[in-house]
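This report concerns only the one structure given below.
No value in this document is a laboratory result; all are computed from the given coordinates. Bear in mind that the values here come from a model prediction, so they are computed numbers and not experimental data. Here Cβ is always computed from backbone atoms with ideal geometry, including for glycine, and neighbour counts include all displayed protein chains.
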Amino acid sequence: MSVYKELFYCGLLIAASLFSWPALAQKSQATPQVVLAKVEGERIALNSKALGFTLNVEVVLPEGYNKDNAVKYPVIFLMDSQWKLMPFMYTYGVLAYEKVVPQSIVVGISANADNGPWANNISQFRSALYTPAKYQPSDANSTGGGADKLLNFFKQTLIPYLDKDYNTAPDRTLIGSSLGGLFGLYALLQEEPLFQRYVLSSPSLYWGDGYIKQHEAHYFKPHKSLKAQVFMGVGEEELTQEVTDFSERLIKRKYKDLDYQFHHSSLGHVSNDIEINARGLNFVFDAMQR
């Protein structure tokens, strides 16, 4: 397994001139940009047999992390880190500061793979690898169905690599929204789930003619237990009823060992992700202590 590491830094920059009155324009143009927020970590390229190409992940270590001490940290996996890393790190950082969640290693899965078959095409990457079925199952040319490959990447490459090179505890949380939320449900409904906790917002249940509903029904027949803490939510102005109906189905199943909560947000498909992550992290980590 070839591994390439580089330090990464991403920050939110703002120019003071954007907020100056016209009379002050000449002065403000000389004002330097100011870093308001930043995330520092390592970007790691992992060659994956399961995927057939190298995938970028981003590792952000907790404050005070020391490889040489005996402290083991939970791992939080964040889907779509190319968009979500900075807002998520703020949410997580506040909750960690207030000791709502433990200090954790955050691992971002970037859909902006530089050297995969969908290089720099985030939409195609997500459609191909976050989904457990083709978008239109009856169409051989339809995209999708690579979630098993991505799950194998977690199992065969990413998690073993993290366990070897970092002080990880066998304690994993998966955060996903939209197609990332669909991937989270697929990962949950496995014979041997890789994660103990899930925070999923607005999962794309429509994909594959509702494939995940069929998958859940197939899973339920031989399995009456589902050991996990799961928080799922949906916003307004999207396929709200579809997600609500699926949530009610999970509740009616009465899976043994499933600690579950659902939240209906007044925000939209994109913005509700921030609210649900905050509520969800609070729930799934609190559930462990009850």
**OP:** Give Lys49/Lys155; Lys72/Lys149; Lys155/Lys254 a once-over and call out the pairs whose C-alpha atoms are over 21 Å from each other.
**Re:** Lys72/Lys149; Lys155/Lys254
Original post:
Hey, in the GNM for the chain with a 10 angstrom Cα cutoff, which one of Glu275, Glu63, Glu216 fluctuates hardest?
Top reply: Glu63
Subject >> Global geometry of the stretch 136-290, whether rounded, prolate or oblate, following the gyration tensor of its Cα atoms and the 1.5 cut on a/c >> reply: rounded
**OP:** Sort the stretch 116-174 into rounded, prolate or oblate with this rule: let a ≥ b ≥ c be the square roots of the eigenvalues of the Cα gyration tensor; rounded if a/c is under 1.5, and if a/c is not under 1.5, prolate when a/b is larger than b/c, oblate otherwise.
**Re:** prolate
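Cut-off is 10 Å between beta-carbons; in what order do Asp171, Asp165 appear when sorted fewest neighbours first?
Numbers: Asp171 17, Asp165 14.
Exposure proxy ranking, most exposed first: Asp165, Asp171.
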Original post:
Pick from Ser177, Ser123, Ser247: which is most flexible by mean-square fluctuation in a GNM of the chain where alpha carbon atoms under 10 Å apart are linked?
Top reply: Ser123
Subject >> the chain: angle of helix 272-289 to the longest principal axis, Cα-based, in degrees nearest 10 >> reply: 60
Original post:
In a GNM of the chain with a 10 Å cut-off on Cα contacts, which of Asp148, Asp209, Asp273 has the highest mean-square fluctuation?
Top reply: Asp209
Subject >> J(HN,Hα) series, the stretch 132-140, from Karplus relation 6.51 cos²θ - 1.76 cosθ + 1.60, nearest Hz, glycine and proline x >> reply: x, 7, 5, 4, 10, x, 7, 9, 5
**OP:** Please determine, in degrees from 0 to 90 and to the nearest 10, the orientation of helix 207-220 with respect to the longest principal axis defined by the Cα atoms of the chain, where the helix direction is its Cα long axis.
**Re:** 60
Original post:
In degrees between 0 and 90, to the nearest 10, how far off the longest principal axis of the chain does helix 179-188 point, with axes built from Cα atoms?
Top reply: 50
Original post:
Hey, how many Å between the Cα centroid of the stretch 85-158 and the Cα centroid of the stretch 199-266?
Top reply: 19
**OP:** State whether the stretch 217-290 is rounded, prolate or oblate according to the following rule on the C-alpha gyration tensor (a ≥ b ≥ c being the square roots of its eigenvalues): a/c under 1.5 gives rounded; otherwise a/b larger than b/c gives prolate, and the remaining case gives oblate.
**Re:** oblate
